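Each remark here refers to the structure printed beneath this line.
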Amino acid sequence: MKILMILTSHDRLGDTGKKTGFWLEEFVAPYYVFVDAGAQITLASPAGGQPPLDPQSDAPDAQTEATKRFNSDDAAKKALGNTVRLAEVDVDSFDAVFYPGGHGPLWDLAENAHSQRIIETFVTGNRPLAAVCHAPAIFRHTKDAHGKSLVSGRRITSFANTEEEAVGLTGVVPFLVEDMLKANGGVYEKGPDWDAYVVVDGKLVTGQNPASSEAAARQLLKLLQ
């Protein structure tokens, strides 16, 4: 069981002067779900190497059992520091793909041609793919063989407009993920803000927010088993 996890390489939060990147919980919780299930995990990012961590996701009030486990896991830290460049990924080598969120993907993974190639290969081939929180931004430009958006007609979720408003970044992000998914024909669903909420449509798994990351990973595992 080989799983590819794709993280952002983007570290600037618009023109605010603040840092962003991937959200720690959304990476480590799924990572350990996969590790504990015996999966072989490869980490990748557009630039390769160490992906940027959103500093807010490593704040004291953001710590979970998974983040605490990661903080004492030297092997996991080494793997994270040496992600493969997306351009070098052999998509046929993997059984599933998981995209953690954070605001970074809105700027790079949403526009990355190598990411689009991987997504289109998996979704059109009916192979398991999951994306959590802001990571469904990856579907902004992805198309099927007929030029139609990959999310058109599909049940899907992501970080909600109300959650983006609550963190005060509605006017900072390049686009709102919920709005984009709806504009692309997705059948958008959401649960209460900040509660775990996961949608499974065929082999496509999406989670609404950081609280949804572990549940989304477990759903992806079910599809593999």
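Accessible area per residue of the stretch 11-73 at 1.4 Å probe, in Å²?
On the way: 3010 Å² over 63 residues.
Accessible surface, normalised per residue, equals 48 Å².
Check the straight Cα-Cα distances from Lys2 and name the aspartates and glutamates below 17 Å, setting aside those fewer than 8 residues away within the same chain.
Partners within reach: Asp36, Glu88, Asp90, Asp92, Asp95.
Pull up the cross-link candidates among the aspartates and glutamates for Lys68, meaning alpha carbon to alpha carbon under 12 Å and not fewer than 8 places away within one chain.
Once the sequence-local aspartates and glutamates are set aside, what remains near Lys68 is Glu25, Asp58.
Could you check the spin-label model distance between Ala75 and Ala87? Points 7 Å from the Cα along Cα→Cβ, value in nm.
That separation, rounded to one decimal, is 3.2 nm.
On the protein heavy atoms, probe 1.4 angstrom, tell me the percent of accessible surface of the stretch 101-225 carried by carbon and sulfur. Working shown, then result.
On the way: 2360 of 4820 Å².
Heavy-atom surface of the stretch 101-225 belonging to carbon and sulfur, 1.4 Å probe: 49 percent.
What lysines could a cross-link reach from Lys190, if we take a straight Cα to Cα line under 26 Å and drop same-chain neighbours fewer than 8 places away?
Qualifying lysines at Cα under 26 Å: Lys143, Lys148, Lys182, Lys203, Lys222.
Using only alpha carbon pairs under 8 Å that are at least six residues apart, calculate the relative contact order of the chain and give it in whole percent. Walk me through the numbers on the way to the answer.
Working: 509 pairs, mean separation 50.1, N = 225.
Value for the chain: 22 percent.
Order the peptides 53-59, 43-49, 2-8, 23-29 from the highest to the lowest mean number of other Cβ atoms within 10 Å of their residues. The partial results should precede the final answer.
Working: 53-59: 17.4, 43-49: 19.7, 2-8: 26.1, 23-29: 27.7.
Result, highest mean first: 23-29, 2-8, 43-49, 53-59.
Expressed as a fraction of 2.2 N^0.38 Å, the rule-of-thumb size for a compact globular protein of N residues, what is the C-alpha radius of gyration of the stretch 1-156?
Working: Rg = 15.1 Å, N = 156, 2.2 N^0.38 = 15.0 Å.
Its radius of gyration relative to the 2.2 N^0.38 Å reference: 1.01.
May I ask for the equivalent-ellipsoid semi-axes of the stretch 23-98, computed as the square root of five times each C-alpha gyration tensor eigenvalue and listed largest first in whole Å?
On the way: eigenvalues 96, 46, 21 Å².
Those come to 22, 15, 10 Å.
The values are calculated or read from the model by the stated rules, or taken from the named source; none is laboratory data. This structure is a prediction, so every number in the text was calculated from the model and none was measured. Positions of Cβ are generated from backbone atoms using ideal geometry, with glycine treated the same way; all protein chains shown enter the neighbour counts. Only protein heavy atoms, including side chains, enter the accessible area calculation; ligands, DNA and RNA are left aside. Shrake-Rupley method; radii C 1.70, N 1.55, O 1.52, S 1.80 Å.
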